[in-house]
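Worksheet for the structure shown next.
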Amino acid sequence: MKNSSLYKGSLATIILKLLNEHDKMYGYQITQRAEEITQGELIITEGALYPCLHKLKAQGFVEAETLMIGKRKRKYYKLTEKGTRETVKKLAELEDYIVIMRALVNPKFRPE
């Protein structure tokens, strides 16, 4: 994304949404899926991803499970029930925000 500071406030919502669409994901999968969906416009760095995942875990929204894949340990994240409820809430807030921003950017836009 040309201005990554625009998405920083939405990173938790992005992660929750991606985890909501999959049973479980590991960090690299999350970054790659975000990049794939946005056709390379959104690059989530490890420096942004893991602190956010740790915060979501501390809040009880995600849980982590370490599995051995071959000879490698891989930490998978998945939503908790609380995290599923939070995802619904955060997505609704984001949709409202998008409508407001659209109206500010284009005053002729009328939300329905």
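Here are some notes:
- Other-chain or far-sequence residues with amide H under 5 Å of VAL62's (modelled H): LYS57, THR80
- Near the amide H of TYR26, within less than 5 Å, lie the amide hydrogens of TYR77, all on another chain or at least 5 residues away, with H placed in the peptide plane.
- Mean residue ellipticity (222 nm) of the chain, computed from DSSP H runs ≥ 4 via -39,500 (n - 2.57), nearest 500: -18000 deg cm²/dmol
- Between 0 and 90°, nearest 10: helix 11-21 axis offset from the chain longest Cα axis: 70 degrees
- Computed from backbone phi, the HN-Hα couplings of region 68-76 come to 8, 10, x, 9, 10, 8, 9, 9, 9 Hz, rounded to whole numbers (Karplus: 6.51 cos²θ - 1.76 cosθ + 1.60, θ = phi - 60°; Gly and Pro given as x).
- Carbon plus sulfur fraction of accessible area for the chain, probe 1.4 Å, in percent: 53 percent
- Pairs over the 30 Å Cα-Cα cut-off, from the set LYS82/LYS108; LYS8/LYS108; LYS8/LYS82: LYS82/LYS108.
- For a straight C-alpha distance cut-off of 25 angstrom, the lysines reachable from LYS73 (same-chain residues fewer than eight places away being disregarded) are LYS17, LYS24, LYS55, LYS57.
- The angle separating the long axis of helix 46-58 from the principal Cα axis of greatest extent in the chain is about 80 degrees.
- Think of a 1.4 Å ball rolled over the protein heavy atoms: the chain then has 71 Å² of accessible area per residue.
- Of MET68, MET25, the order by accessible heavy-atom surface (1.4 Å probe, DNA, RNA and ligands excluded), from most exposed downward, is MET68, MET25.
- Taking the longest Cα principal axis of the chain as reference, the axis of helix 81-105 is set at about 30 degrees.
The values are calculated or read from the model by the stated rules, or taken from the named source; none is laboratory data. Keep in mind that what you see is a predicted model, and the values were worked out from it rather than measured. All accessible areas refer to the heavy atoms of the entire protein, side chains included, with ligands and DNA or RNA removed. Shrake-Rupley method; radii C 1.70, N 1.55, O 1.52, S 1.80 Å.
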